Amino acid sequence: MPRMNKTAILALLIATSSVFLLFQLYYYRQYMSKHGTRSNGKAVQMGGDAQWQVVKKFLGLVTKYSLPVFLIDTATLSHLLQESPQPRDTQDSLCRSFCTHREFTTFALLAKLWKYDASLAQAAAECGLEFLEVRGKDPRLVGLDDLSGTEIPLHFLFRLNGNAVHLLVFYERSGNYLWHGALRLKPNMDRKFVSFRKLDFGRQAGAYDRPELVPASVDGLDVRIPENISRFLNEHAQARFLECRYKNARAFYQLYPDDTSPEAMDFRMKAKSLLHLAARTLGDLGVPFWLSSGTCLGWFRQCNVIPYSKDVDLGIWIKDYRPDIIPAFQKSGLPLKHKFGKVEDSLELSFQGLDVKVDVFFFYEEDDIVWNGGTQAKSGKKFKYVFPRFALCWTELVELKVRVPCETLDYVEANYGPNWNTPVKTWDWKTSPSNVKENGVWPVREWDEVIQVY
């Protein structure tokens with residue numbers, strides 16, 4: 001074939017390909033202007049997204065019933081951290097936050113701000129929303145004297161064509177915090193109503209500080225959101241709550257009647273006051289702590305402070321140590337009683353309250369165990385108390401929201417052995433604990449630093 005013919009054919013092919021590519025680009029832009037995209041979390045047109053539609057219907061329903069819900073969905077709030085909530089008068093028609101690959105969005109409701117209305121289910125059906133209500137026992141009414149508990153609504157789920165809204169109910173507890181219950185389905189409930197294991201909330205009970213709420217427009221919908229989104233998301237990551245074991249405590253007191261003497265009542269009152277004061281002091285510093293030793297045992301075994309323990313015991317990770325802990329306690333009216341060890345090894349602080357002291361043990365992480373140290377002042381001997389690793393959960397003791405090891409039984413057994421459920425009033429901190437080990441002796445030259453008694 002002549003060279004001219006080959007060149008002409010090649011030019012024709014290039015021109016045809018270019019026209020085809022231009023047509024594809026034009027069609028793609030026309031399609032995007034109508035439908036948007038849902039690829040990799042990018043924005044889509046609001047009216048065309050199934051999850052946005054179910055959220056809109058849900059908000060219309062709760063507005064009709066004057067339910068003051070607020071947004072707590074972790075994926076949506078995380079997105080809002082990256083992109084500020086849109087102004088109320090926004091003209092943007094793209095869905096950036098609700099339109100994720102997830103098939104649910106989570107809202108919350110403060111129980112004290114609404115009155116339960118059984119017609120909500122029927123109203124949801126009239127809006128085209130399938131409805132599921134999950135109830136559970138009210139822990140605020142459970143105690144040593146009454147273990148029955150009244151059932152209260154904990155979770156509501158609204159579904160439309162496979163997409164859902166999860167409405168979580170927060171209840172106020174006596175420790176001035178918000179609590180939600182675990183989501184536990186009754187035998188007759190539809191276990192395929194939503195992908196329950198994928199829900200952000202409900203695997204366990206949770207505890208939160210009350211968030212300050214602000215109005216916002218999210219994807220063209222008016223909602224309320226936590227003012228401090230980062231703080232709320234951080235709380236969510238460590239919100240698991242453990243209820244006191246009232247049945248076990250009741251059985252314990254049947255075997256070992258509670259000490260209700262004036263001396264015991266006086267100690268418990270002072271210990272409660274001291275624990276509240278220590279919690280405020282460490283909270284102001286942003287230092288997390290947990291109930292340790294005898295105070296943890298009292299919560300786990302009998303849902304109360306052990307009246308013969310004579311002190312309050314707290315644990316703190318050494319990584320959370322701050323030099324201003326001592327001045328902060330002293331400013332709160334709790335002078336330093338003793339300081340043993342040093343930040344690098346076996347640090348322990350003790351502060352004197354009104355006839356009751358608070359001992360603060362610092363815990364060190366080492367391979368698959370954690371430990372805290374002890375020091376005998378007169379000899380300089382060092383001791384080491386070894387525990388299996390643990391995470392921290394919230395609970396309530398003496399009307400205070402506090403942390404305890406989530407693996408409480410392992411923690412208590414490590415410290416007190418298999419007979420931890422039997423009261424022991426004679427206790428030697430150097431020999432009685434099951435997990436104590438001798439750990440050498442402080443060099444005499446360091447005594448002025450590592451043994452300070454006031």
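Using alpha carbons only, how many degrees (0 to 90, rounded to 10) separate the axis of helix 3-35 from the longest principal axis of the chain?
The angle comes out at about 60 degrees.
Compute the long axis of helix 293-302 from its Cα atoms, compare it with the longest principal axis of the Cα atoms of the chain, and write down the angle in degrees, 0 to 90, nearest 10.
Its long axis makes an angle of about 70 degrees.
I'd like the carbon and sulfur percentage of the solvent accessible area for the chain, probe radius 1.4 Å, heavy atoms only, ligands and nucleic acids excluded.
Details: 12440 of 23510 Å².
Carbon-and-sulfur percentage of accessible area, whole number: 53.
Place a point 7 Å from Cα of Asp259 in the direction of its Cβ. Which residues in region 427-450 have their backbone N less than 16 Å from it?
427-428
Please list the non-local residues whose amide H lies under 5 Å from the amide H of Lys357, H modeled 1.01 Å from N, same-chain partners needing a gap of 5 or more.
Distant-sequence amide H within range of Lys357: Val312.
Charges at C-beta only: +1 for Lys and Arg, -1 for Asp and Glu. How large is the resulting dipole of the chain about its Cα centre, in Debye rounded to 20?
Magnitude of the dipole: close to 1240 debye.
How do 415-423, 258-266 rank on mean C-beta neighbours within 10 Å, highest first?
415-423, 258-266
With the cut-off at 21 Å, report for region 346-454 the share of all Cα pairs above it, as a whole percent.
47
Report the Cα centroid-to-centroid distance between region 268-285 and region 367-386 in angstrom, as an integer.
25
Which order do Arg403, Arg197, Arg140, Arg268 take when ranked by solvent-accessible area (1.4 Å probe, heavy atoms of all protein chains), largest first?
Arg197, Arg140, Arg403, Arg268
Please say if region 286-406 is rounded, prolate or oblate, where rounded means a/c under 1.5 for a ≥ b ≥ c the square roots of the C-alpha gyration tensor eigenvalues, and otherwise the choice is prolate for a/b larger than b/c and oblate otherwise? Each step should come with its number before you reach the end.
Values: a/c = 1.38, a/b = 1.09, b/c = 1.27.
Rounded is the answer for region 286-406, as its axis ratio a/c remains below 1.5.
Relative contact order of the chain, please, whole-number percent, based on alpha carbon pairs below 8 angstrom and at least 6 residues apart. Before the final figure, lay out each step's value.
Working: 765 pairs, mean separation 50.3, N = 454.
11 percent.
Compute the accessible area per residue over the chain, keeping the other protein chains in place, probe 1.4 Å, unit Å².
Result: 52 Å² of accessible area for each residue.
Could you put Ser119, Ser293, Ser350 in order of accessible surface area, largest first, with the 1.4 Å probe and the full protein assembly present?
Ser119, Ser293, Ser350
Add +1 for every Lys or Arg and -1 for every Asp or Glu among the other residues with Cβ under 10 Å from the Cβ of Leu129, and state the total.
Taking every Cβ under 10 Å from that of Leu129, the sum is 0.
Between 0 and 90 degrees, rounded to the nearest ten: what's the tilt of helix 262-285 against the longest Cα principal axis of the chain?
40
Below 8 Å between Cα atoms, with a sequence gap of 6+, how large is the relative contact order for region 248-403 in percent?
20
Relative to the present Cα-Cα distance, how much length would full extension add between Met269 and Glu212 at 0.36 nm per residue of separation? Display every interim value, and only then the final one.
Details: separation 57, 0.36 × 57 = 20.52 nm, distance 3.19 nm.
Length gained, Met269 through Glu212: 17.3 nm.
What list of whole percents do you get for P(r) of the chain, with Cα-Cα distances grouped in 10 Å bins up to the one holding the largest distance?
4, 17, 23, 18, 15, 11, 6, 3, 2, 1, 0, 0
Work the Kirkwood hydrodynamic radius out for region 364-406: mean of 1/r over every pair of different alpha-carbon atoms, inverted, in Å.
Roughly 12.6 Å, rounded to one decimal.
The values are calculated or read from the model by the stated rules, or taken from the named source; none is laboratory data. Worth saying up front: this structure is predicted, and the values here are computed from it rather than measured. Cβ sites come from the backbone with ideal geometry, for glycine too, and all protein chains shown count toward neighbours. Accessible surface areas use protein heavy atoms only, side chains included; no ligands, DNA or RNA. Shrake-Rupley method; radii C 1.70, N 1.55, O 1.52, S 1.80 Å.
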